[in-house]
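Reading through the structure tokens given below for one structure.
The values are calculated or read from the model by the stated rules, or taken from the named source; none is laboratory data. Note that the structure is predicted; figures quoted are calculated from it, not measured. Here the Cβ positions follow ideal geometry from the backbone for every residue, glycine too, while neighbour counts run over all protein chains shown. For accessibility, only protein heavy atoms count, side chains too; no ligands or nucleic acids. Shrake-Rupley method; radii C 1.70, N 1.55, O 1.52, S 1.80 Å.
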Amino acid sequence: MAYWQSRGLRGSELESIINTTNELYRTKNLALIHKIPTPITPIKIDKEKRVITLAYFEQKSTVDYIGVAQEIAICFDAKETNGQSLPLANIHKHQLEFMADFVKQGGVAFFIIHFKKHESYYLLPYNVVVKYYDDAQKGGRKSIPHSEFLESYPIFIEGGAYLNYLKPLQNYIDSL
């Protein structure tokens with residue numbers, strides 16, 4: 001059984017921006033996207049600070065977000081990196097399996113990646129991740145370099161508060 005030891009809220013800034021964006025999309029009737037919580041069972045709780053300090057995962061998570069945008073089913077996961085590449089160790093096989101099943105049902109699967117060092121955001125299609133993941137399983141590179149993203153689908157913060165990923169998503173869908 002997998003355990004979770006709190007090391008802070010990794011990715012919480014990115015998720016906060018995405019949550020704000022998703023609420024804006026909902027109010028403008030552009031999309032309805034929900035955050036999928038990871039089910040955990042608390043083991044230790046700091047009652048004074050009212051935080052969980054040790055817990056175990058009840059089951060493997062799927063993706064961070066799922067919903068529909070302009071009549072298209074979408075699912076995606078949000079990842080951050082401090083380096084010059086995205087470590088494939090941050091992407092789990094069960095997530096890719098879920099995305100594969102999602103795509104087979106006619107949905108669109110992708111990742112939103114935040115390169116903290118460059119303060120840049122990208123939409124990374126599921127099929128690109130699978131190519132790198134499969135190559136890594138055969139002894140190839142264990143990360144996706146930042147240069148791969150430069151030719152990908154950049155996402156920009158607009159209005160100082162939201163990450164408009166629907167624009168690059170539409171560009172990606174148009175390329176299919």
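Here are the numbers for the structure shown:
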| item | result |
| --- | --- |
| Residues satisfying the stated conditions in segment 139-176, i.e. closer than 27 Å to residue 89 by Cβ and of a type in the set (Ser, Thr, Tyr) | 143, 147, 152, 153, 165, 172 |
| Scope segment 7-40; condition in a loop (DSSP other than H, G, I, E, B), farther than 13 Å from residue 77 by Cα, open to solvent by 50 Å² or more (accessible area, probe 1.4 Å) and at pLDDT below 90; matching residues | 7, 9, 10 |
| Filtered residues of segment 138-162 (kept if within 26 Å of residue 31 (Cβ to Cβ), in a loop (DSSP other than H, G, I, E, B) and not aromatic (Phe, Trp, Tyr)) | 151, 152, 159, 160, 161 |
| Some residue of segment 119-129 being out of contact with any His (no Cβ under 6 Å at 6 or more places or on another chain), under 23 Å from residue 22 (Cα atoms), among the aliphatic types (A, V, I, L, M) and modelled with pLDDT under 95 | no |
| Qualifying residue in segment 49-61 (condition: exposed (fewer than 15 other Cβ atoms within 10 Å of the Cβ) and modelled with pLDDT of 95 or more) | no |
| Filtered residues of segment 80-90 (kept if outside any helix (DSSP H, G or I), surrounded by fewer than 20 Cβ atoms within 10 Å (Cβ to Cβ) and under 13 Å from the mean Cα position of the chain (by Cα)) | 80, 81 |
| Residues within segment 93-126 that are in a loop (DSSP other than H, G, I, E, B) and basic (Lys, Arg), tallied | 2 |
